[in-house]
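Enquirer: Dumping the structure here so I can ask a few things about it.
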Amino acid sequence: MRILSGIQPTGAIHIGNYLGAIKQWIELQEKNECVFFISDLHSLTIPYKPEELKEKILEAAIIYLAAGINPEKSIFFVQSHVKEHAELSWFLNTVCPVGDLMRMTQYKEKSKEFKKDINAGLLNYPILMASDILLYKTDKVPVGKDQVQHVELARTIARKFNQRFGKVFVEPEALISKSGAKIMALDNPKKKMSKSLGPQNYISLFDEPELIKKKIMSALTDTGKNIKYDPVKKPGISNLLNIFSLITDREIKNLEKEFKSKGYSLFKKSLADSLINFLEPFRRKKKELLSRELYVYETLKQGAKRAQIIAGSTMEEVKKKMGL
Ligand code: ADP
Ligand code: TRP
(Lines give C-alpha, C1' and ligand atoms only; values in the text may rest on other atoms or scores of the structure.)
(Ligands and ions follow the chains in the order given, each with its own letter.)
Protein backbone atom coordinates (compact mmCIF):
# COMPACT_ATOMS: atom_id res chain seq x y z
CA MET A 1 0.00 0.00 0.00
CA ARG A 2 1.26 3.49 -0.76
CA ILE A 3 0.86 6.10 1.97
CA LEU A 4 1.53 9.82 1.56
CA SER A 5 1.33 12.93 3.70
CA GLY A 6 2.52 16.53 3.58
CA ILE A 7 4.09 18.52 6.39
CA GLN A 8 3.70 22.27 6.77
CA PRO A 9 7.03 24.04 7.48
CA THR A 10 5.65 25.74 10.58
CA GLY A 11 8.04 25.09 13.43
CA ALA A 12 7.70 23.19 16.71
CA ILE A 13 5.70 20.03 17.16
CA HIS A 14 4.26 19.06 20.51
CA ILE A 15 3.46 15.76 22.21
CA GLY A 16 -0.17 16.13 21.04
CA ASN A 17 0.97 16.14 17.39
CA TYR A 18 3.30 13.25 18.10
CA LEU A 19 0.94 10.98 20.04
CA GLY A 20 -2.08 11.90 17.90
CA ALA A 21 -0.50 11.74 14.45
CA ILE A 22 3.23 11.42 13.83
CA LYS A 23 3.64 8.23 15.86
CA GLN A 24 1.23 6.48 13.47
CA TRP A 25 3.25 7.64 10.46
CA ILE A 26 6.41 6.25 11.95
CA GLU A 27 4.69 2.91 12.47
CA LEU A 28 3.27 2.92 8.93
CA GLN A 29 6.81 3.10 7.53
CA GLU A 30 7.51 -0.43 8.69
CA LYS A 31 5.02 -2.20 6.44
CA ASN A 32 4.17 0.25 3.65
CA GLU A 33 5.69 2.36 0.95
CA CYS A 34 5.55 5.82 2.48
CA VAL A 35 6.03 9.23 0.87
CA PHE A 36 6.44 12.25 3.17
CA PHE A 37 7.27 15.76 2.03
CA ILE A 38 7.50 19.32 3.28
CA SER A 39 4.71 21.25 1.62
CA ASP A 40 6.55 24.50 0.95
CA LEU A 41 4.45 25.35 -2.13
CA HIS A 42 1.32 25.30 0.02
CA SER A 43 2.91 27.63 2.54
CA LEU A 44 3.16 30.40 -0.09
CA THR A 45 -0.61 30.92 -0.03
CA ILE A 46 -0.64 32.81 3.27
CA PRO A 47 1.51 35.84 4.19
CA TYR A 48 5.14 34.83 4.89
CA LYS A 49 8.70 36.21 4.86
CA PRO A 50 10.75 34.91 1.87
CA GLU A 51 14.02 35.45 3.74
CA GLU A 52 12.87 33.05 6.47
CA LEU A 53 11.43 30.27 4.34
CA LYS A 54 14.64 28.28 3.64
CA GLU A 55 15.42 28.16 7.34
CA LYS A 56 11.88 26.96 8.14
CA ILE A 57 12.06 24.20 5.54
CA LEU A 58 15.37 22.95 6.94
CA GLU A 59 13.98 23.15 10.46
CA ALA A 60 10.90 21.12 9.49
CA ALA A 61 13.09 18.50 7.83
CA ILE A 62 15.24 18.19 10.94
CA ILE A 63 12.22 18.03 13.23
CA TYR A 64 10.58 15.22 11.29
CA LEU A 65 13.79 13.24 10.84
CA ALA A 66 14.37 13.55 14.58
CA ALA A 67 10.76 12.49 15.23
CA GLY A 68 11.41 9.24 13.37
CA ILE A 69 10.90 9.57 9.62
CA ASN A 70 13.44 7.14 8.24
CA PRO A 71 14.74 8.29 4.83
CA GLU A 72 15.93 4.77 4.05
CA LYS A 73 12.44 3.39 4.44
CA SER A 74 10.34 6.35 3.26
CA ILE A 75 10.71 8.80 0.41
CA PHE A 76 11.27 12.15 2.16
CA PHE A 77 11.71 15.40 0.25
CA VAL A 78 10.71 19.03 -0.29
CA GLN A 79 7.65 19.55 -2.50
CA SER A 80 9.15 22.37 -4.60
CA HIS A 81 12.16 20.17 -5.50
CA VAL A 82 9.88 17.95 -7.60
CA LYS A 83 8.45 20.19 -10.30
CA GLU A 84 5.70 17.73 -11.24
CA HIS A 85 3.64 18.82 -8.21
CA ALA A 86 3.09 22.29 -9.66
CA GLU A 87 2.85 20.91 -13.17
CA LEU A 88 0.09 18.40 -12.46
CA SER A 89 -1.70 21.08 -10.49
CA TRP A 90 -2.32 23.05 -13.70
CA PHE A 91 -3.79 20.04 -15.47
CA LEU A 92 -6.08 19.26 -12.55
CA ASN A 93 -7.18 22.92 -12.47
CA THR A 94 -8.92 22.21 -15.75
CA VAL A 95 -10.79 19.25 -14.24
CA CYS A 96 -11.89 20.65 -10.86
CA PRO A 97 -15.07 22.79 -10.67
CA VAL A 98 -14.64 26.22 -9.00
CA GLY A 99 -17.77 25.55 -6.93
CA ASP A 100 -16.08 22.60 -5.18
CA LEU A 101 -13.19 24.84 -4.16
CA MET A 102 -15.44 27.61 -2.85
CA ARG A 103 -17.13 25.11 -0.54
CA MET A 104 -13.94 24.08 1.26
CA THR A 105 -14.03 24.94 4.97
CA GLN A 106 -10.34 25.81 5.12
CA TYR A 107 -10.73 28.26 2.23
CA LYS A 108 -13.68 29.94 3.93
CA GLU A 109 -11.78 30.24 7.19
CA LYS A 110 -8.46 31.38 5.72
CA SER A 111 -10.07 33.93 3.42
CA LYS A 112 -11.70 35.47 6.50
CA GLU A 113 -8.42 35.41 8.42
CA PHE A 114 -6.35 36.92 5.59
CA LYS A 115 -8.96 39.28 4.14
CA LYS A 116 -6.39 41.51 2.47
CA ASP A 117 -4.62 38.69 0.66
CA ILE A 118 -7.15 36.30 -0.82
CA ASN A 119 -4.96 35.11 -3.68
CA ALA A 120 -6.07 32.47 -6.18
CA GLY A 121 -3.56 30.07 -4.58
CA LEU A 122 -5.57 30.07 -1.39
CA LEU A 123 -8.63 28.93 -3.35
CA ASN A 124 -6.68 26.44 -5.49
CA TYR A 125 -4.76 24.99 -2.55
CA PRO A 126 -6.78 21.72 -2.58
CA ILE A 127 -5.90 21.17 -6.25
CA LEU A 128 -2.21 21.31 -5.42
CA MET A 129 -2.88 18.92 -2.56
CA ALA A 130 -4.76 16.59 -4.93
CA SER A 131 -1.73 16.70 -7.25
CA ASP A 132 0.58 15.76 -4.36
CA ILE A 133 -1.59 12.76 -3.62
CA LEU A 134 -2.46 11.61 -7.14
CA LEU A 135 1.06 11.91 -8.59
CA TYR A 136 2.16 8.98 -6.43
CA LYS A 137 -1.01 6.89 -6.96
CA THR A 138 -1.51 7.03 -3.22
CA ASP A 139 -3.89 4.63 -1.48
CA LYS A 140 -4.07 6.20 1.98
CA VAL A 141 -3.46 9.70 3.28
CA PRO A 142 -2.94 10.07 7.04
CA VAL A 143 -4.19 13.55 7.98
CA GLY A 144 -5.92 15.44 10.77
CA LYS A 145 -9.69 15.94 10.64
CA ASP A 146 -9.35 19.42 9.12
CA GLN A 147 -7.74 17.96 5.97
CA VAL A 148 -10.21 15.15 5.29
CA GLN A 149 -12.36 17.36 3.09
CA HIS A 150 -9.33 18.04 0.87
CA VAL A 151 -8.56 14.34 0.54
CA GLU A 152 -12.16 13.73 -0.48
CA LEU A 153 -11.86 16.39 -3.15
CA ALA A 154 -8.70 14.65 -4.43
CA ARG A 155 -10.79 11.50 -4.70
CA THR A 156 -13.48 13.31 -6.68
CA ILE A 157 -10.88 14.84 -9.00
CA ALA A 158 -9.30 11.40 -9.58
CA ARG A 159 -12.66 9.90 -10.47
CA LYS A 160 -13.57 12.77 -12.80
CA PHE A 161 -10.23 12.57 -14.58
CA ASN A 162 -10.37 8.79 -14.97
CA GLN A 163 -13.91 8.93 -16.35
CA ARG A 164 -13.13 11.60 -18.89
CA PHE A 165 -9.62 10.66 -20.03
CA GLY A 166 -9.15 7.02 -19.04
CA LYS A 167 -7.72 5.48 -15.89
CA VAL A 168 -4.53 6.99 -14.56
CA PHE A 169 -5.21 7.78 -10.92
CA VAL A 170 -5.93 5.74 -7.81
CA GLU A 171 -8.80 7.09 -5.69
CA PRO A 172 -7.19 7.91 -2.33
CA GLU A 173 -8.71 7.57 1.12
CA ALA A 174 -8.05 9.61 4.25
CA LEU A 175 -6.60 7.70 7.18
CA ILE A 176 -7.49 9.09 10.58
CA SER A 177 -5.65 7.54 13.48
CA LYS A 178 -7.72 4.95 15.33
CA SER A 179 -6.32 5.35 18.81
CA GLY A 180 -7.85 8.83 18.83
CA ALA A 181 -5.32 10.07 21.34
CA LYS A 182 -6.41 13.58 22.14
CA ILE A 183 -4.05 15.49 24.36
CA MET A 184 -5.39 18.55 26.14
CA ALA A 185 -3.67 21.87 26.92
CA LEU A 186 -1.63 21.89 30.14
CA ASP A 187 -2.99 25.25 31.23
CA ASN A 188 -6.56 24.58 30.12
CA PRO A 189 -7.47 20.89 30.01
CA LYS A 190 -10.80 21.63 28.35
CA LYS A 191 -9.02 22.76 25.18
CA LYS A 192 -6.93 20.69 22.78
CA MET A 193 -3.17 21.07 23.17
CA SER A 194 -2.24 23.33 20.24
CA LYS A 195 0.64 25.40 18.89
CA SER A 196 -1.70 28.36 18.58
CA LEU A 197 -2.39 28.52 22.34
CA GLY A 198 1.23 29.42 23.18
CA PRO A 199 4.23 27.49 24.58
CA GLN A 200 2.89 27.22 28.14
CA ASN A 201 0.08 24.92 26.95
CA TYR A 202 2.25 22.30 25.31
CA ILE A 203 5.36 20.19 25.75
CA SER A 204 7.44 20.35 22.60
CA LEU A 205 9.07 17.13 21.44
CA PHE A 206 12.38 18.94 22.01
CA ASP A 207 11.84 20.82 25.28
CA GLU A 208 14.81 20.64 27.66
CA PRO A 209 14.40 18.68 30.93
CA GLU A 210 14.20 21.79 33.12
CA LEU A 211 11.42 23.26 31.00
CA ILE A 212 9.48 19.98 30.96
CA LYS A 213 9.62 19.87 34.74
CA LYS A 214 8.46 23.46 35.02
CA LYS A 215 5.57 23.02 32.61
CA ILE A 216 4.31 19.80 34.20
CA MET A 217 4.62 21.09 37.76
CA SER A 218 2.55 24.14 36.85
CA ALA A 219 -0.02 22.24 34.75
CA LEU A 220 -3.54 23.12 35.84
CA THR A 221 -5.03 20.40 38.03
CA ASP A 222 -8.37 19.98 39.73
CA THR A 223 -9.48 20.48 43.30
CA GLY A 224 -9.10 17.47 45.58
CA LYS A 225 -6.17 15.14 46.04
CA ASN A 226 -7.11 11.94 44.27
CA ILE A 227 -5.31 10.70 41.23
CA LYS A 228 -8.34 9.43 39.39
CA TYR A 229 -9.27 9.28 35.72
CA ASP A 230 -12.49 11.26 35.30
CA PRO A 231 -12.36 13.57 32.27
CA VAL A 232 -15.57 15.40 33.30
CA LYS A 233 -14.85 16.09 36.96
CA LYS A 234 -11.06 15.99 36.81
CA PRO A 235 -9.99 17.03 33.30
CA GLY A 236 -6.51 18.18 34.40
CA ILE A 237 -5.47 15.01 36.22
CA SER A 238 -7.15 12.84 33.56
CA ASN A 239 -5.12 14.51 30.81
CA LEU A 240 -1.88 13.97 32.74
CA LEU A 241 -2.83 10.33 33.40
CA ASN A 242 -3.51 9.87 29.70
CA ILE A 243 -0.11 11.31 28.73
CA PHE A 244 1.60 9.21 31.41
CA SER A 245 -0.10 6.07 30.12
CA LEU A 246 0.71 6.73 26.46
CA ILE A 247 4.40 7.40 27.01
CA THR A 248 5.01 4.50 29.40
CA ASP A 249 2.64 1.94 27.84
CA ARG A 250 1.12 1.41 31.26
CA GLU A 251 -2.60 1.17 31.89
CA ILE A 252 -4.31 4.15 33.49
CA LYS A 253 -5.73 1.80 36.15
CA ASN A 254 -2.23 0.78 37.22
CA LEU A 255 -1.10 4.37 37.44
CA GLU A 256 -4.15 5.29 39.54
CA LYS A 257 -3.27 2.46 41.91
CA GLU A 258 0.39 3.40 42.18
CA PHE A 259 -0.28 7.08 42.92
CA LYS A 260 -3.53 6.61 44.82
CA SER A 261 -2.63 8.42 48.03
CA LYS A 262 0.61 10.06 46.98
CA GLY A 263 -0.70 13.53 46.08
CA TYR A 264 -0.47 15.66 42.95
CA SER A 265 3.05 16.86 43.48
CA LEU A 266 4.68 13.45 43.56
CA PHE A 267 2.54 12.28 40.66
CA LYS A 268 3.62 15.27 38.58
CA LYS A 269 7.29 14.80 39.45
CA SER A 270 7.08 11.21 38.34
CA LEU A 271 5.34 12.15 35.10
CA ALA A 272 7.93 14.86 34.41
CA ASP A 273 10.74 12.30 34.87
CA SER A 274 9.04 9.87 32.50
CA LEU A 275 8.53 12.57 29.91
CA ILE A 276 12.15 13.67 30.17
CA ASN A 277 13.20 10.07 29.54
CA PHE A 278 10.71 9.50 26.76
CA LEU A 279 11.76 12.65 24.91
CA GLU A 280 15.52 12.21 25.38
CA PRO A 281 16.13 10.41 22.04
CA PHE A 282 14.24 13.15 20.16
CA ARG A 283 16.34 15.91 21.73
CA ARG A 284 19.55 14.00 21.02
CA LYS A 285 18.68 13.28 17.40
CA LYS A 286 17.68 16.88 16.74
CA LYS A 287 20.94 18.20 18.19
CA GLU A 288 22.89 15.77 16.07
CA LEU A 289 21.04 16.76 12.88
CA LEU A 290 21.45 20.47 13.60
CA SER A 291 25.19 19.95 13.34
CA ARG A 292 24.84 17.93 10.11
CA GLU A 293 23.06 20.35 7.80
CA LEU A 294 24.83 18.99 4.72
CA TYR A 295 23.65 15.48 5.49
CA VAL A 296 20.07 16.75 5.81
CA TYR A 297 20.25 18.59 2.46
CA GLU A 298 21.75 15.53 0.80
CA THR A 299 18.99 13.34 2.25
CA LEU A 300 16.33 15.69 0.87
CA LYS A 301 18.06 15.73 -2.52
CA GLN A 302 18.13 11.94 -2.72
CA GLY A 303 14.48 11.85 -1.63
CA ALA A 304 13.50 14.26 -4.41
CA LYS A 305 15.30 12.07 -6.94
CA ARG A 306 13.34 9.00 -5.88
CA ALA A 307 10.07 10.94 -5.85
CA GLN A 308 10.73 12.41 -9.28
CA ILE A 309 10.96 8.99 -10.91
CA ILE A 310 7.39 8.16 -9.82
CA ALA A 311 6.03 11.67 -10.38
CA GLY A 312 7.60 11.99 -13.83
CA SER A 313 6.14 8.72 -14.98
CA THR A 314 2.61 9.66 -13.82
CA MET A 315 2.97 13.03 -15.52
CA GLU A 316 3.83 11.31 -18.82
CA GLU A 317 0.63 9.26 -18.59
CA VAL A 318 -1.46 12.35 -17.79
CA LYS A 319 -0.15 14.33 -20.75
CA LYS A 320 -0.71 11.45 -23.12
CA LYS A 321 -4.27 10.88 -21.94
CA MET A 322 -5.04 14.60 -22.14
CA GLY A 323 -3.85 14.79 -25.72
CA LEU A 324 -0.51 16.54 -25.30
P1 ADP B 1 -1.84 22.46 16.09
O2 ADP B 1 -3.27 22.63 16.56
O3 ADP B 1 -0.89 22.34 17.23
O4 ADP B 1 -1.44 23.53 15.10
P5 ADP B 1 -2.20 20.83 13.80
O6 ADP B 1 -3.60 21.31 13.60
O7 ADP B 1 -1.14 21.32 12.89
O8 ADP B 1 -1.79 21.09 15.31
O9 ADP B 1 -2.25 19.24 13.76
C10 ADP B 1 -1.28 18.41 13.18
C11 ADP B 1 -1.64 16.96 13.48
O12 ADP B 1 -1.53 16.69 14.88
C13 ADP B 1 -3.08 16.58 13.12
O14 ADP B 1 -3.05 15.30 12.52
C15 ADP B 1 -3.82 16.55 14.42
O16 ADP B 1 -4.86 15.60 14.41
C17 ADP B 1 -2.74 16.20 15.42
N18 ADP B 1 -2.98 16.90 16.71
C19 ADP B 1 -2.86 18.23 16.90
N20 ADP B 1 -3.11 18.55 18.18
C21 ADP B 1 -3.40 17.37 18.82
C22 ADP B 1 -3.76 17.04 20.18
N23 ADP B 1 -3.85 17.96 21.11
N24 ADP B 1 -3.97 15.75 20.48
C25 ADP B 1 -3.88 14.80 19.52
N26 ADP B 1 -3.55 15.04 18.23
C27 ADP B 1 -3.32 16.31 17.87
N1 TRP C 1 -2.59 20.65 3.62
C2 TRP C 1 -1.94 19.82 4.59
C3 TRP C 1 -1.96 20.49 5.96
O4 TRP C 1 -2.26 21.66 6.07
C5 TRP C 1 -0.51 19.53 4.16
C6 TRP C 1 -0.48 18.81 2.88
C7 TRP C 1 -0.08 19.29 1.66
C8 TRP C 1 -0.86 17.46 2.65
N9 TRP C 1 -0.18 18.35 0.71
C10 TRP C 1 -0.67 17.21 1.25
C11 TRP C 1 -1.36 16.46 3.48
C12 TRP C 1 -0.99 15.97 0.69
C13 TRP C 1 -1.68 15.22 2.92
C14 TRP C 1 -1.49 14.99 1.54
O15 TRP C 1 -1.68 19.85 6.95
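The values are calculated or read from the model by the stated rules, or taken from the named source; none is laboratory data. None of these values were measured; they are calculated from a predicted model. Here Cβ is always computed from backbone atoms with ideal geometry, including for glycine, and neighbour counts include all displayed protein chains. We work out accessible area using only protein heavy atoms, side chains counted, and drop any ligands, DNA or RNA first. Shrake-Rupley method; radii C 1.70, N 1.55, O 1.52, S 1.80 Å.
Enquirer: Which numbered condition in (1) under 16 Å from LEU41 (Cα atoms); (2) touching a residue at least 40 places away in the same chain (Cβ under 8 Å); (3) within 14 Å of ligand 2 (Cβ to nearest atom) is the only one that VAL143 fails?
Expert: The number of the failed condition is (1).
Enquirer: For ILE15, are the conditions met, namely being within 14 Å of ligand 2 (Cβ to nearest atom) and either more than 19 Å from GLU293 (Cα to Cα) or open to solvent by less than 10 Å² (accessible area, probe 1.4 Å) (or both)? Let's see the steps before the verdict.
Expert: Details: within 14 Å of ligand 2 (Cβ to nearest atom): no; either more than 19 Å from GLU293 (Cα to Cα) or open to solvent by less than 10 Å² (accessible area, probe 1.4 Å) (or both): yes.
So ILE15 fails the test.
Enquirer: Do any residues in segment 73-84 that are over 16 Å from ILE63 (Cα atoms) and free of Cβ contacts under 8 Å to residues at least 40 places away in the same chain have Cβ atoms under 6 Å from those of residues that are among the small types (Gly, Ala, Ser) and open to solvent by less than 10 Å² (accessible area, probe 1.4 Å), where the two are at least six apart or on different chains, and which pairs are they?
Expert: Correct list of pairs: empty, since none qualify.
Enquirer: Go through the residues of segment 92-107 one by one and say whether even a single one is within 15 Å of ligand 2 (Cβ to nearest atom) and either open to solvent by 50 Å² or more (accessible area, probe 1.4 Å) or in a strand (DSSP E or B) (or both).
Expert: There is at least one residue in segment 92-107 that is within 15 Å of ligand 2 (Cβ to nearest atom) and either open to solvent by 50 Å² or more (accessible area, probe 1.4 Å) or in a strand (DSSP E or B) (or both).
This table checks each residue for (1) buried (at least 21 other Cβ atoms within 10 Å of the Cβ); (2) within 30 Å of the chain's Cα centre (by Cα); (3) more than 22 Å from ASN188 (Cα to Cα); (4) modelled with pLDDT under 95.
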position	(1), (2), (3), (4)
LEU240	yes, yes, no, no
SER265	no, no, no, no
PHE278	no, yes, yes, no
SER291	no, yes, yes, no
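Enquirer: Which residue is farthest from ligand 2 (Cβ to nearest atom), if the candidates are limited to segment 156-183 and must be modelled with pLDDT of 95 or more and in contact with a strand residue (DSSP E or B) (Cβ under 7 Å, 6 or more places away or on another chain)?
Expert: GLU173
Enquirer: So, of the residues in segment 139-187 that are more than 17 Å from the chain's Cα centre (by Cα) and among the β-branched types (Val, Ile, Thr), which turns out to be farthest from ligand 1 (Cβ to nearest atom)?
Expert: Checked segment 139-187; the qualifying residue farthest from ligand 1 (Cβ to nearest atom) is VAL168.
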